[in-house]
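Read through the structure below, which is laid out as C-alpha cells, and then see the notes.
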Amino acid sequence: MSTGTLYIVSTPIGNLEDITLRAIRILKEADAIAAEDTRHTQKLLNKFDIHTPLTSYHDHNKEEKAPVLVSRLLEGKNVALVSDAGTPGISDPGYFLINLAIDQKVPVVPIPGATAAIAALSISGLPTDRFVFEGFLPSKHTARLKRLEELTKEERTLIFYEAPHRILQTLDDMLAVLGDRKAVLTRELTKVHEQVIRGSLSDVKKQLEAGSMKGEFTVILQAHQEGADREDISPEEYLKNLMIHRGLSKKEAIAITAHDLDIPKKEVYKIGLTIKEEEQDV
C-alpha cells in the first residue's frame, strides 16, 4: 500500500481572497486537515464550503499528535497541514511534523501562498536581493540583546516577527544595539486595518506609540552600513534606551554605552546624571 501525502498548505494572512485555487482543492480532497486552531480554520473552511474533518496540531500537542498524523499518512491517507495564517513551518510547530514525515519517507508537498515576511519585504523599499529571516527574537531581555548584538554587522536586510505585548521593548532594544537605522514595520497586512510605518527606528517607534498595538508585527531593518549605524544615535539616546527603557543599572548602562560608542566613561556618567535629573523632574 502506498503512503499518503503531507500537504503544507499556505492560507491567507488576512484577506481570505488571498487563498489559491490549488489550496482550496487540496483542502477539499484531503482526508484530514491538521490545524493550529480548529476554530480559526473552521471559518476559512466555511467560507469556501470545505467539509474535510479537522484535527488539532499545535505547539503544545505536537510531540503526541505528530506520530498519530504520520501513522495515518503511512496508512495511505492524505493530510493537509495549515497554520492560523500564512505558510506552515515558518515560526510555528509545523517543522516538527514535517521532519517526522520526512524521516518516514512520506512525500511532503508544498502548496505555496501568503507569508507575512515576504509580503512585508516586497513593499518595504529596502533591498530584497539578499535578506535574512530571524523570526521571533528571544522573549528574555538579556538573550534578546545578545542576539541583536550578533546581528550588528549583518549585511543583509533583516526581517523579524514580534508580538504586540513586546513590540515597544523590542524596538527599544534594536535602537540601543543596532542604532537608528531605516526600518519598516507592518501590522495586519491584507486586513481592514492594514498598517505600514516607514522611517528611522526612532520615528517608527514614535508613530507606533501613537497608534494601535493590536496584531502581530513584522519588522524589517536596513542592513549594516559601515560607519553609519551606531553613529546615528546620540550618546544620550543610547544611554536612555539602556537605563530608562531597559532597566539596566547606571553602572551597566554606562559601561555598555562607553564601549559601544567608543567614548570615555566619565563623559557617559555625566550624561547619566542629566538623564536621572530629567526623570526626577517628570
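The values are calculated or read from the model by the stated rules, or taken from the named source; none is laboratory data. These figures come from a predicted structure and were not determined experimentally. So basically every Cβ, Gly included, is an ideal-geometry build from the backbone, and we count neighbours across all protein chains shown. Heavy atoms of the whole protein, side chains included, go into the accessibility calculation; ligands, DNA and RNA do not. Shrake-Rupley method; radii C 1.70, N 1.55, O 1.52, S 1.80 Å.
Considering only residues in segment 208-227 that are open to solvent by less than 40 Å² (accessible area, probe 1.4 Å) and not polar (S, T, N, Q), the one that is farthest from residue 135 (Cα to Cα) turns out to be 208. Within segment 1-54, if we keep just the residues that are touching a helix residue (DSSP H, G or I) at 6+ places or on another chain (Cβ under 8 Å) and loosely packed, with under 15 Cβ neighbours inside 10 Å, the residue that is nearest to residue 192 (Cα to Cα) turns out to be 16.
Only residues that are surrounded by 19 or more Cβ atoms within 10 Å (Cβ to Cβ), touching a Lys or Arg at 6+ places or on another chain (Cβ under 9 Å) and more than 18 Å from residue 125 (Cα to Cα) were counted in segment 189-207, giving 0. Whether any residue in segment 174-188 is closer than 30 Å to residue 17 by Cβ, over 16 Å from the mean Cα position of the chain (by Cα) and either crowded, with 20+ Cβ neighbours inside 10 Å or among the hydroxyl-bearing types (Ser, Thr, Tyr) (or both) is what I want to check. Checked segment 174-188: no residue is closer than 30 Å to residue 17 by Cβ, over 16 Å from the mean Cα position of the chain (by Cα) and either crowded, with 20+ Cβ neighbours inside 10 Å or among the hydroxyl-bearing types (Ser, Thr, Tyr) (or both). Taken over segment 109-126, the criterion of being among the polar types (S, T, N, Q) and surrounded by 21 or more Cβ atoms within 10 Å (Cβ to Cβ) is satisfied by 124 alone.
Out of curiosity, is residue 155 surrounded by 18 or more Cβ atoms within 10 Å (Cβ to Cβ), among the acidic types (Asp, Glu) and farther than 22 Å from residue 253 by Cβ?
Working: surrounded by 18 or more Cβ atoms within 10 Å (Cβ to Cβ): no; among the acidic types (Asp, Glu): yes; farther than 22 Å from residue 253 by Cβ: yes.
Against the criterion (surrounded by 18 or more Cβ atoms within 10 Å (Cβ to Cβ), among the acidic types (Asp, Glu) and farther than 22 Å from residue 253 by Cβ), residue 155 does not qualify.
Residues are listed down the side, and each one gets a yes or a no for (1) touching a residue at least 60 places away in the same chain (Cβ under 8 Å); (2) of a type in the set (Ser, Thr, Tyr); (3) farther than 14 Å from residue 241 by Cα:
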| site | (1), (2), (3) |
| --- | --- |
| 125 | yes, no, yes |
| 128 | no, yes, yes |
| 133 | no, no, yes |
| 146 | no, no, yes |
| 150 | no, no, yes |
| 164 | no, no, yes |
| 169 | yes, no, no |
| 176 | yes, no, no |
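Of all positions in segment 11-34, at least one carries a residue that is more than 21 Å from residue 112 (Cβ to Cβ), at pLDDT 95 or above and acidic (Asp, Glu).
Taking the condition basic (Lys, Arg) and modelled with pLDDT of 85 or more, does residue 206 pass? Considered against the rule, which asks whether it is basic (Lys, Arg) and modelled with pLDDT of 85 or more, residue 206 comes out as yes. Failed condition for residue 142, given (1) touching a His at 6+ places or on another chain (Cβ under 7 Å); (2) free of Cβ contacts under 8 Å to residues at least 40 places away in the same chain, with all others met? The single condition residue 142 does not satisfy is (1). If the condition is being at pLDDT 95 or above and either open to solvent by less than 10 Å² (accessible area, probe 1.4 Å) or more than 23 Å from residue 118 (Cβ to Cβ) (or both), then segment 89-108 contributes 97, 100, 101, 102, 103, 104, 105, 106, 107.
Within segment 4-24, residues that are at negative phi and without any contact (Cβ under 8 Å) to a residue 40 or more places away in the chain reach partners that are assigned to a helix (DSSP H, G or I) and crowded, with 19+ Cβ neighbours inside 10 Å with beta carbons closer than 9 Å, at six or more positions or on different chains, in the pairs 16/44.
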